[in-house]
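Note sheet for the following structure.
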Amino acid sequence: MERLNKTNSVSEFILLGLSSRPEDQKPLFILFLIIYLITITGNVLIILAIHSDPQLHTPMYVFLSVLSFTDIWYTTNIVPRMLVNFLSEKKTISYAGCLTQMYFTYVLGNIDSFILAAMAYDRYVAICDPFHYVIIMSHRRCVLLVAFSCSLPLFHSLLHILLLNQLTFCNSNVVHHFFCDINPLLKLSCSSVFVNDLTIKTEGLVFWVTPFLCIVFSYVRILIAVLRIPSAAGKRKAFSTCGSHFTVVILFYGGIFYVYLQPLSSYTVWNRVATLVYTVLSSMLNPFIYSLRNRDMKRGLRKLLGRRKS
């Protein structure tokens, strides 16, 4: 009972957000409200376009629709709380609410990571083994990949939440971040965070790096296969099918590795900026990246919007 009381000595946290200056709050509110509305609208359009166009009912676009669906909830888990705090003097979140937000942030972020790996594998098969593509990327295998990508993060994220819940917070409840993230919370703990930090650097790192290595392996094989194509037009066509996905991968993993591969003691304001990139900005930019650089998506969106107008 004593341990439980110590653990719950902090009943709520204060999220400082991106700026503590009062004059910044309304401009930031307007900016992130626009970002949130663009994110929701863009990802919903991607899902509707894929659902309504039979020509987009292929594994790559099924994975893309799952990615868009996840990004909607990923952003919704973070931005609405930010918007409330921008206009509120009391920028608090309950202890349970903080752990809940963190749990779903990691679940949805990890689902994004696995889906991006599945999309890279799909492009690898399409370019390196096109004659067996239909067999390899069968409906059953796609369902299994999506199910695996959505289920495994549930248990991985729960491990970090359970370990965090064992810590004692007795010095301060001020979180120098715009949402409940694990590193800022670990810096507030007045008990040993050795196990938590070790878990992040080992199990957590393996969990993030494994999909990334699968993506790297897929693109190395794709690059080798494309360089063997004799015609320049064939090379451009092959690269065009991967360009959008590769751009999203760089944006997403660049921010993650910048934040989580640094020592806990070196956590600074730039980590908050990098976190914005892989949480909020990547979810907003994904629909633009995939639609502007993909002829099939452009056609699907034109058909969808044309049908809505008629």
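Determine whether segment 199-219 contains at least one residue that is acidic (Asp, Glu), within 25 Å of Leu99 (Cβ to Cβ), surrounded by fewer than 20 Cβ atoms within 10 Å (Cβ to Cβ) and in contact (Cβ under 8 Å) with a residue 24 or more places away in the chain. So that I can check it myself, show each step before the final result.
Start the filter on segment 199-219 by keeping residues that are acidic (Asp, Glu), which leaves 203.
Remaining after also requiring within 25 Å of Leu99 (Cβ to Cβ): 203.
Checking which are surrounded by fewer than 20 Cβ atoms within 10 Å (Cβ to Cβ) leaves us with 203.
Right, trim to in contact (Cβ under 8 Å) with a residue 24 or more places away in the chain and you get 203.
Checked segment 199-219: at least one residue is acidic (Asp, Glu), within 25 Å of Leu99 (Cβ to Cβ), surrounded by fewer than 20 Cβ atoms within 10 Å (Cβ to Cβ) and in contact (Cβ under 8 Å) with a residue 24 or more places away in the chain.
Scan Val107, Val84, Val66, Val62 and give me the residue that is more than 24 Å from Met297 (Cα to Cα), of a type outside the set (Ser, Thr, Tyr) and surrounded by 18 or more Cβ atoms within 10 Å (Cβ to Cβ).
On the way: Val84 fails: surrounded by 18 or more Cβ atoms within 10 Å (Cβ to Cβ); Val66 fails: more than 24 Å from Met297 (Cα to Cα); Val62 fails: more than 24 Å from Met297 (Cα to Cα).
The match here is Val107.
Could you grab the pairs with beta carbons closer than 6 Å, sequence gap of 6+ or different chains, first residue in segment 170-186 and among the polar types (S, T, N, Q), second one surrounded by fewer than 17 Cβ atoms within 10 Å (Cβ to Cβ) and at pLDDT 90 or above?
Taking only residues 6 or more apart or on different chains, the pairs are Asn173/Ile14.
Return a yes/no flag: does segment 126-142 have any residue that is touching a helix residue (DSSP H, G or I) at 6+ places or on another chain (Cβ under 9 Å), among the hydroxyl-bearing types (Ser, Thr, Tyr), buried (at least 21 other Cβ atoms within 10 Å of the Cβ) and closer than 23 Å to Phe246 by Cβ.
No - not one qualifying residue is present in segment 126-142.
Go through (1) of a type outside the set (D, E, K, R); (2) without any contact (Cβ under 8 Å) to a residue 40 or more places away in the chain; (3) open to solvent by 80 Å² or more (accessible area, probe 1.4 Å); (4) more than 17 Å from Asp112 (Cβ to Cβ) for Ser19 and report which single condition fails.
Ser19 satisfies every listed condition except (3).
Let's see how each residue does on (1) surrounded by 14 or more Cβ atoms within 10 Å (Cβ to Cβ); (2) at pLDDT 80 or above:
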site	(1), (2)
Lys237	no, no
Tyr258	yes, yes
Leu261	no, no
Leu264	yes, no
Leu276	yes, yes
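Residue check: is Ile40 open to solvent by 30 Å² or more (accessible area, probe 1.4 Å) and without any contact (Cβ under 8 Å) to a residue 24 or more places away in the chain? Step through it out loud before you land on a result.
Values: open to solvent by 30 Å² or more (accessible area, probe 1.4 Å): yes; without any contact (Cβ under 8 Å) to a residue 24 or more places away in the chain: no.
Considered against the rule, which asks whether it is open to solvent by 30 Å² or more (accessible area, probe 1.4 Å) and without any contact (Cβ under 8 Å) to a residue 24 or more places away in the chain, Ile40 comes out as no.
Go through (1) at pLDDT below 90; (2) touching a strand residue (DSSP E or B) at 6+ places or on another chain (Cβ under 9 Å) one by one and return the number of the condition Lys6 breaks.
So Lys6 meets the others, but not (2).
Return the residue satisfying two criteria in turn: it lies in segment 69-81 and is over 11 Å from the mean Cα position of the chain (by Cα) and open to solvent by less than 30 Å² (accessible area, probe 1.4 Å), and of such residues it is nearest to Ile40 (Cα to Cα).
The selected residue is Val79.
Please work out which residue is surrounded by the fewest Cβ atoms within 10 Å (Cβ to Cβ), limiting yourself to segment 150-194 and to residues that are over 17 Å from Tyr106 (Cβ atoms) and touching a strand residue (DSSP E or B) at 6+ places or on another chain (Cβ under 6 Å).
The extreme case among them is Val174.
Any idea how many residues of segment 107-147 are of a type in the set (Phe, Trp, Tyr) and free of Cβ contacts under 8 Å to residues at least 24 places away in the same chain? I'd like the intermediate steps shown before the answer.
Kept after step one, since they are of a type in the set (Phe, Trp, Tyr), are these residues of segment 107-147: 114, 121, 124, 131, 133.
Now drop any that are not free of Cβ contacts under 8 Å to residues at least 24 places away in the same chain, which leaves 131, 133.
Counting residues in segment 107-147 that are of a type in the set (Phe, Trp, Tyr) and free of Cβ contacts under 8 Å to residues at least 24 places away in the same chain gives 2.
Of the residues Ser65, Ser94, which single one is without any contact (Cβ under 8 Å) to a residue 60 or more places away in the chain and small (Gly, Ala, Ser)?
Values: Ser94 fails: without any contact (Cβ under 8 Å) to a residue 60 or more places away in the chain.
Selected residue: Ser65, the only one of Ser65, Ser94 that is without any contact (Cβ under 8 Å) to a residue 60 or more places away in the chain and small (Gly, Ala, Ser).
How many residues, within segment 24-37, are closer than 13 Å to Pro287 by Cβ and either hydroxyl-bearing (Ser, Thr, Tyr) or open to solvent by less than 50 Å² (accessible area, probe 1.4 Å) (or both)? Full working, then the answer.
Narrowing segment 24-37 to residues closer than 13 Å to Pro287 by Cβ: 35, 37.
In the following step, the residues that additionally are either hydroxyl-bearing (Ser, Thr, Tyr) or open to solvent by less than 50 Å² (accessible area, probe 1.4 Å) (or both) were identified as 35.
Result for segment 24-37: 1.
Could you please tell me which pairs satisfy a Cβ distance under 7 Å, a separation of 6+ or placement on different chains, a first residue in segment 221-233 that is within 10 Å of Tyr124 (Cα to Cα), and a second residue that is of a type outside the set (Ser, Thr, Tyr)?
Final answer for the pair search is Arg221/Cys128; Ile222/Arg123; Ile222/Ile127; Ile222/Cys128; Ile222/Cys242; Ala225/Ile127; Ala225/Cys128.
The values are calculated or read from the model by the stated rules, or taken from the named source; none is laboratory data. Keep in mind that this is a model prediction, so the values were computed, not measured. In this analysis, Cβ positions are derived from the backbone assuming ideal geometry, glycine residues included, and neighbour counts consider all displayed protein chains. Just so you know, the surface numbers come from the protein's heavy atoms only, side chains and all, with ligands and any DNA or RNA stripped out. Shrake-Rupley method; radii C 1.70, N 1.55, O 1.52, S 1.80 Å.
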